[in-house]
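Here, each number is a calculation from the coordinates, and none is a lab measurement. None of the values given here were measured: they were computed from a predicted structure. Using ideal geometry, Cβ is built from the backbone for each residue, glycine included, and neighbour counts are taken over all protein chains shown.
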Amino acid sequence: MKKYSHLLSPIIIGENVLKNRMFASKAFPHFLQGPETFPTETVIAYYANLARNGAAVVTVKGAEGPDGVYPDRKTLPPGDGKHIALYDPDEPGVENYFSQMADAIHYYGAKASISLHGMEPDHLCVSKLTEEQQAKIHGRFHIPEGKEMTHEDIEAYKQHLVKRCLKYQSLGFDMCNIYMTYKSSLISAFLSPATNYRTDEYGGSTEDRVRIVVEICDAIKKACGKKWMIEAQISGEEECGYDLDEMLRYVKLLEGKVDILHIRAKDAAESHPVGFNSKEGAPVTLRYAEAVKSLGVQMVVAPNGGYQDLDECDRYIAEGKADMITMGRAFICDYDYYLKAVEGRGDDVVPCIRCNKCHAPSMT
């Protein structure tokens, strides 16, 4: 019996079989490529190497800007936005590169997932926070007041996401990632009571705030079929927003809609832990995963943030605290991570020092 038999065991999700329990999250090193409007060979090789290094699922950054269109870099605000890779989804040649990317991931037996970040949260019209609340929210994710979406806008947005999924499915992708963490996307702004002040069926109660996610999942499944998997990336709780109990109510309402629940911390800093905000052997998101597992919902639970130690990851799955482990830096800092897992050499894994330089200088 292999030493890390729980972590390395396959898992069945609907009509899909994943080769093990290791999940490569949407962790794209900044400055990996220049101003090209397509994924370069370096980018394709990066994602392929995640699959080679053991990831059963590799989540790829989507081919669009934050508002669903390709932006002019010159109009982006100062900071990381000017440096991350941006791909033009309306350029036919870009599709070819994404098809090559999916093929490269499949070559190593992994599933290819596409991230649907979607629009920025200022499209929701919700900036009614007190000064004290605003002070507690990470400045990078401050939500300005905007024009509230109409029902027609919401329907158009859902169809936009469906269209994107159908395109990526035709290019060989197997699933999508619905990004709804840290109040930093339109969907996350709908979920949060700190940002959603709508008075129609998309605001107010827990059921109404999560309604748009339910409808998006239903629309995607109807268009792409049952084999197409949906991963929802959610915060276990929020600063000045929903708490753990309400997150669990969201989960119950998403049962049968979401295949994999990717759980992150309440903000980006804790989800990308560094030495001064984390403790070795005590990942901050594990308690969220345990709470979701205690519900007994039919949904794969995959916590994220600081997971690398093979003994710990295997134990969390063996103890029923998680079904999969979502990782980013573990695959980056040791290119033989999977080999060492198979050979039972956890002590030989190159440790991540949590400097966060692979993510973004502003996060350190």
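Points worth noting:
- Fully extended contour minus Cα-Cα distance, from K3 to D348, at 0.36 nm per residue: 122.8 nm
- Reciprocal of mean inverse Cα separation for region 238-364 (Kirkwood radius, Å): 15.5 Å
- Projecting the Cα atoms of I263, V251, V297 onto the dipole axis of region 201-301, where Lys and Arg carry +1 and Asp and Glu carry -1 at the beta carbon, places V297 farthest toward the positive end.
- Structural descriptor for region 195-260: relative contact order 35 percent, calculated from alpha carbon pairs under 8 angstrom and at least 6 residues apart.
- Simple spin-label estimate for E255 and L166 in nanometres, 7 Å along Cα-Cβ: 3.2 nm
- Scanning residues 5 or more positions from V57 or on other chains, those with amide H under 5 Å from its amide H are A24, K111, with H placed 1.01 Å from N in the peptide plane.
- Rg over Rh, two decimals, region 173-243 (C-alpha only, Kirkwood Rh): 1.01
- Once you reduce region 1-41 and region 174-223 to the center of their Cα atoms, the two points are 25 Å from each other.
- Pair-distance distribution P(r) for region 295-364, from all Cα-Cα distances in 10 Å bins starting at 0: 19, 45, 27, 9 percent.
- Put a dot 7 Å past the Cα of Y107, heading toward its Cβ, do the same for A45, and the two dots end up 1.1 nm apart.
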